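Notes follow the structure.
The values are calculated or read from the model by the stated rules, or taken from the named source; none is laboratory data. Since the structure is predicted, the reported quantities are computational estimates derived from the model, not experimental observations. Here the Cβ positions follow ideal geometry from the backbone for every residue, glycine too, while neighbour counts run over all protein chains shown. What goes into the accessible areas is simple: the full protein's heavy atoms, side chains included, and nothing from ligands, DNA or RNA. Shrake-Rupley method; radii C 1.70, N 1.55, O 1.52, S 1.80 Å.
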Amino acid sequence: MTRFSLPRWALGLEDPKAVGRYMERLDTHGVSRRDFLAMVSAGAAATTFAAAAGLPRVAVAAPNGKLAFISAFMSNEYNQILNGAFEAATQELGFSYVGLDSQFDGERQFNQFEQQVAGGAQSVVFNLADGSTIKGAARVAEQNGVFIGNVWDSLPWFTPFEGSDYYTLYTLPEEFEAHRAVTARLLAAVIEKFGGGDIIGVTGTNGTLTDRQRSAGRDDAFRDFPKTRLVDQLPGKWNREDSLKATEDLLTRNPGVVGVVAQNDDVAQGVIAAIQAAGLRPGEDILVVGADGTSLGAKSIAAGRQLATSGNSPAYAAALLAGRIYDVTHGWVPRASERMLNWRSLTVTKENVGGYLDRYVDNDGVQPFDYRKISKVLHPDDWDPQAEIFPLDVDHAWEGIAKPQGWTYPQAYLDAKTGGEWERVRAEYADHYKIKFDGPSPNRKA
């Protein structure tokens with residue numbers, strides 16, 4: 001029979017009855033006594049053991065279970081890259097994995113979630129088709145002891161704190177500054193090339209949180225470039241086909257346009273196709289910027305058809321969320337300031353696109369991130385976020401959106417902001433940030 005070398009604080013767990021008592025108090029599910037002792041021996045359950053002594057209660061799940069990614073839609077390149085990165089990250093971390101497409105249907109997405117929970121999924125990550133779905137998903141997650149994470153769209157003013165400890169992370173790039181930066185690149189280039197002029201916008205899906213944030217950043221950039229003006233916009237619905245049609249309509253309605261702000265790189269591909277179909281040259285007659293840093297977006301920049309994008313790397317969302325799921329399912333408990341996080345995008349232009357292509361696109365199968373090193377359980381001393389990470393400020397993220405009647409800031413969130421934890425977390429992540437987002441892949445051999 002295998003025996004585990006237990007740390008001093010856990011020596012009492014050599015008694016089988018003690019193990020049973022602690023497992024019951026810790027609300028374990030699907031964990032054998034042998035696996036529990038193995039986790040304790042490795043130190044992975046230390047924080048969960050502490051929870052039994054009165055710290056915040058979080059369940060321990062059986063390690064290396066199943067992670068499901070339920071995408072709003074797999075029809076655009078961003079989500080296809082994200083799905084592939086989740087597959088690579090979960091393989092590296094020892095999870096089984098499934099990626100699902102809800103086809104932009106919130107009800108279908110919720111049903112897929114319930115099916116995954118019923119089928120024994122240990123954790124689920126959402127890219128939501130409908131932000132309101134997160135409230136019901138958080139309730140089901142708590143009832144079934146399943147950890148969830150969410151990237152991109154959400155329900156404004158509904159935070160993980162209103163959910164439960166099982167809603168472990170809401171994360172997305174900081175969108176206002178990122179889209180403001182690429183828009184500013186466009187407007188400066190328009191003034192340099194044309195002396196100013198009319199700009200159109202091809203947005204995402206009206207009303208979604210990401211679309212609102214990107215539009216706010218875009219609009220703010222125009223204040224610094226008075227020789228330019230946003231004259232018209234239509235939704236491109238985050239995909240090439242709808243964006244092509246929208247751009248065709250916009251160009252017909254607005255002759256003489258010299259620039260287009262596309263809300264993501266899939267939208268930008270539709271914009272570029274429409275410009276070409278009109279007998280014009282993208283990058284010469286009309287300048288285009290996008291967002292997200294997809295493969296086609298980066299290649300369009302290298303080819304001169306697109307001016308810039310906000311490279312947040314689709315793979316990074318998978319790296320961050322898979323690492324978080326690994327940690328919480330192995331006993332680690334996030335602080336309040338770690339439950340909502342932003343990461344900083346890289347403004348990709350002709351000047352730096354070569355390095356971006358080498359790491360994130362034409363990389364010969366070399367993964368762009370060290371998925372294991374993001375984990376605080378696997379690397380307790382030298383974990384590395386591999387991007388600039390900082391706590392999400394709800395007032396900034398949801399600025400301009402009315403709070404629900406009676407809504408108040410979660411106490412844990414307020415305590416973190418006023419008690420110093422917020423800045424400590426920001427400083428700690430900055431200190432551990434060694435593998436730079438705009439540098440070579442940590443997996444690239446010299």
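Within region 146-169, restricting attention to residues that are under 17 Å from W398 (Cα atoms) and among the acidic types (D, E), the residue that is surrounded by the most Cβ atoms within 10 Å (Cβ to Cβ) is D153.
Looking only at residues in region 200-224 that are of a type in the set (A, V, I, L, M) and not in a strand (DSSP E or B), the one that is most open to solvent (accessible area, probe 1.4 Å) is A216.
Filtered by the rule that a residue be assigned to a helix (DSSP H, G or I), among the hydroxyl-bearing types (S, T, Y) and more than 23 Å from T347 (Cα to Cα), region 396-446 gives Y413, T418. Scanning region 365-395 for residues that are touching a helix residue (DSSP H, G or I) at 6+ places or on another chain (Cβ under 9 Å) and either on the phi > 0 side of the Ramachandran plot or not in a loop (DSSP other than H, G, I, E, B) (or both) returns Q386, I389, F390, P391, V394.
State whether the residues of region 348-364 include one that is more than 30 Å from G304 (Cα to Cα), open to solvent by 30 Å² or more (accessible area, probe 1.4 Å) and assigned to a loop (DSSP other than H, G, I, E, B).
Among the residues of region 348-364, not one is more than 30 Å from G304 (Cα to Cα), open to solvent by 30 Å² or more (accessible area, probe 1.4 Å) and assigned to a loop (DSSP other than H, G, I, E, B), which makes the answer no.
The combined condition, being in a helix (DSSP H, G or I) and modelled with pLDDT of 95 or more, is not fulfilled by L100.
Do you know which residues across region 123-145 are modelled with pLDDT under 95 and crowded, with 23+ Cβ neighbours inside 10 Å?
Of everything in region 123-145, just one residue is modelled with pLDDT under 95 and crowded, with 23+ Cβ neighbours inside 10 Å, namely A129.
Is there a residue being open to solvent by 10 Å² or more (accessible area, probe 1.4 Å), part of a strand (DSSP E or B) and farther than 30 Å from I325 by Cα anywhere in region 170-192? Within region 170-192, none of the residues are open to solvent by 10 Å² or more (accessible area, probe 1.4 Å), part of a strand (DSSP E or B) and farther than 30 Å from I325 by Cα. Taking first residues from region 343-354 that are in contact (Cβ under 8 Å) with a residue 60 or more places away in the chain and partners that are open to solvent by 50 Å² or more (accessible area, probe 1.4 Å), the Cβ contacts under 6 Å between residues at least 6 apart in sequence or on separate chains come to R344/E388; L346/D438. Residue pairs whose Cβ atoms lie under 7 Å apart, separated by 6 or more positions or on different chains, with the first residue in region 419-436 and touching a residue at least 12 places away in the same chain (Cβ under 8 Å) and closer than 13 Å to W383 by Cα and the second open to solvent by 60 Å² or more (accessible area, probe 1.4 Å) and not in a helix (DSSP H, G or I), are Y433/E388. Assess whether R229 counts as being open to solvent by 10 Å² or more (accessible area, probe 1.4 Å), in contact (Cβ under 8 Å) with a residue 24 or more places away in the chain and in contact with a Gly (Cβ under 6 Å, 6 or more places away or on another chain). No, not satisfied.
In region 69-90, the residues that are under 20 Å from R359 (Cα atoms) form Cβ pairs under 6 Å with partners that are assigned to a helix (DSSP H, G or I) and open to solvent by 20 Å² or more (accessible area, probe 1.4 Å), at six or more places apart or across chains, as follows: E77/L296.
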